[in-house]
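Trainee: Take this structure first; my questions come after.
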Amino acid sequence: MDTIIVKTIHIADQTPFQTEDQTLFDQAVLAVQQGQLVAFPTETVYGLGANALDPDAVLKIFKAKGRPSDNPLIIHIARKDQIHALVKNITPLAKKMIDTFMPGPITLVFEKADIVPYEVTAGLETVAIRIPSHPIAHLFLEKAKIPVAAPSANVSGKPSPTTAKHVYDDLKGKIPYIIDGGACDFGVESTVVDVTGEIPVILRPGTITAEQIFNLSGSVSGIGSCLHNTNSYESALNQNTPDTPMSPGMKYKHYSPKAKVILADAPNIEQRIKVAMELAKDIISAGKKVGIFGCDEIVSAIKANNLISGDALHTNSYGPSGDTKAASARLFFALREMDEEGVDVVIAEALPIKGIGVAYMNRLLKSAGVNTK
Ligand code: TXA
Ligand code: MG
């Protein structure tokens with residue numbers, strides 16, 4: 001199968017955006033309506049979409065990604081009024097969360113309505129719903145007029161795709177269309193929150209933080225719900241979480257590049273520079289190629305050290321120290337780039353586990369193979 005990339009142009013301050021080739025865009029919309037797979041951009045990561053109400057189409061997603069069949073999918077819709085048909089009950093908490101955070105980088109888990117196939121929910125009685133704010137995702141979903149089930153558009157286990165090229169690298173020949181909307185703004189997946197009860201339970205941390213959810217609802221539990229700043233992964237990332245993962249996807253190997261990932265982990269930037277420097281020297285003297293993912297300060301310090309520079313070094317900086325949002329946006333991109341550059345070991349900067357740092361550290365620890373929920 002040929003994989004066609006559908007180009008789009010987003011002209012700032014002009015809505016709706018323009019598609020470079022309207023006919024191709026319409027063909028991609030028709031393809032998803034007819035049971036094919038179409039990858040599309042969102043503000044978090046690229047999604048791999050199929051008609052959520054067509055079990056055969058949904059099963060194609062699992063096949064193309066090599067995704068375990070017990071890992072449920074998120075249903076994407078264009079507008080809030082489409083939620084009612086897909087869920088049994090909207091609790092007062094759910095209503096507040098919808099009103100405040102949707103559209104945006106959040107996914108809410110409800111009791112599912114009967115029309116939602118078990119192929120989407122992997123047999124669960126709940127369903128995850130998301131309304132992306134990305135204008136191209138919105139146009140795609142609006143034109144498709146159907147709910148679209150979509151996981152991240154990567155081969156299972158790899159870092160999520162934040163550009164159309166990443167999707168192409170993973171899925172070329174397996175899907176007919178990729179809609180190219182450029183690089184994703186947030187670069188980590190949505191915050192997944194169970195809103196079936198009275199207290200919001202964070203099943204996967206993301207750009208919408210535990211603090212924001214707490215400020216809205218007066219309570220929060222689940223991953224990252226420990227609201228004080230902590231340097232303990234255990235307390236921040238595993239607190240108040242049940243022993244069995246409630247979000248089935250969180251138990252799998254995830255976000256793993258071919259390179260080994262290790263952390264430059266220390267309480268402040270000066271110490272992180274030192275740790276990164278020592279680790280890099282060891283890796284290079286073992287004859288391996290080292291990759292550095294960190295802030296400008298770390299990257300410049302490493303580059304200035306003539307024991308480390310040269311062909312055995314590849315760096316990727318997210319910007320000035322402390323910009324956790326930029327670090328999250330760039331993490332998956334950098335991990336994929338490290339593989340393209342033939343890096344053996346990536347040293348990635350650990351960041352404080354608060355705000356978006358919870359999502360960043362959750363993804364980074366998983367890519368390093370550290371066992372967190
Ligand atoms: O930002 C995102 O959420 C992206 C874009 C494409 O929307 N999608 C995404 O999908 O990250 P995926 O499939 O890679 O991750 C979905 C997560 C998994 O951890 C899955 O287990 C969880 O959501 N999930 C889906 N349905 C669920 C449900 N009914 N109950 C609990 N967790 C659920
Ligand atoms: Mg995924």
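Trainee: Ignoring everything except DSSP H segments at least 4 long, calculate the 222 nm mean residue ellipticity for the chain; use -39,500 (n - 2.57) per segment, divide by total residues, nearest 500.
Mentor: Values: 12 runs with 123 residues, N = 373.
Theoretical 222 nm ellipticity from helices: -10000 deg cm²/dmol.
Trainee: Further, regarding this structure: Against the longest alpha carbon principal axis of the chain, how many degrees, from 0 to 90 and to the nearest 10, is the axis of helix 55-65 turned?
Mentor: Approximately 10 degrees, to the nearest ten.
Trainee: Whole-Hz ³J(HN,Hα) for each residue in region 258-273, computed from phi via Karplus 6.51 cos²θ - 1.76 cosθ + 1.60 with θ = phi - 60°, x for glycine and proline: what do you get?
Mentor: Each residue of region 258-273 in turn: 5, 5, 6, 10, 10, 9, 8, 10, 7, x, 9, 5, 4, 5, 5, 4 Hz.
Trainee: While we're on this one: Return the lysines within reach of residue 274: Cα separation strictly under 17 angstrom, same-chain partners fewer than 8 residues apart disregarded; answer none if there are no such residues.
Mentor: Excluding near neighbours in sequence, the set is 303.
Trainee: Next up: Please list, short to long, the whole-number percent of alpha-carbon pairs of region 35-110 in consecutive 5 angstrom bins beginning at zero.
Mentor: 3, 13, 23, 23, 19, 13, 6, 1
Trainee: Can you work out D for region 96-196 in µm² s⁻¹ from Stokes-Einstein, where Rh is the Kirkwood radius over C-alpha pairs, the temperature is 37 °C and the viscosity is 0.692 mPa s?
Mentor: 217 µm²/s
Trainee: Same structure, new question: Would you grab the residues whose amide H sits under 5 Å from the one on residue 134? Only those 5+ places off in sequence or on another chain, please, with H modelled 1.01 Å from N.
Mentor: Close amide H contacts, sequence-distant or interchain: 43.
Trainee: Pairs to check: 145/325; 60/143; 7/112; 260/354. Give those whose C-alpha atoms are more than 28 Å from each other in this structure. Walk me through the intermediate numbers first.
Mentor: Numbers: 145/325 33 Å; 60/143 21 Å; 7/112 35 Å; 260/354 25 Å.
Too far apart for the 28 Å limit: 145/325; 7/112.
Trainee: Considering all alpha-carbon pairs of region 84-128, what whole percent are spaced by more than 14 angstrom? Intermediate results must be reported in sequence, preceding the final value.
Mentor: Values: 477 of 990 pairs.
Distances greater than 14 Å cover 48 percent of the Cα pairs.
Trainee: How high is the relative contact order of the chain, given as a whole-number percent (alpha carbon pairs under 8 Å, six or more residues apart)?
Mentor: 18 percent
Trainee: Given 10 °C and 1.306 mPa s, how large is the Stokes-Einstein diffusion coefficient of region 149-230 in µm²/s, with Rh as the Kirkwood radius over Cα pairs? Provide the component values of the computation, followed by the final result.
Mentor: Numbers: Rh = 14.8 Å.
Answer, rounded: 107 µm²/s.
Trainee: Evaluate the Debye formula for the chain with equal point scatterers sitting on the alpha carbons, no solvent, and hand back log10 of I(q)/I(0) at q = 0.08, 0.10, 0.11, 0.12 Å⁻¹, in q order, two decimals.
Mentor: For the chain at q = 0.08, 0.10, 0.11, 0.12 Å⁻¹, log10 I(q)/I(0) is -0.39, -0.62, -0.75, -0.89.
No value in this document is a laboratory result; all are computed from the given coordinates. None of the values given here were measured: they were computed from a predicted structure.
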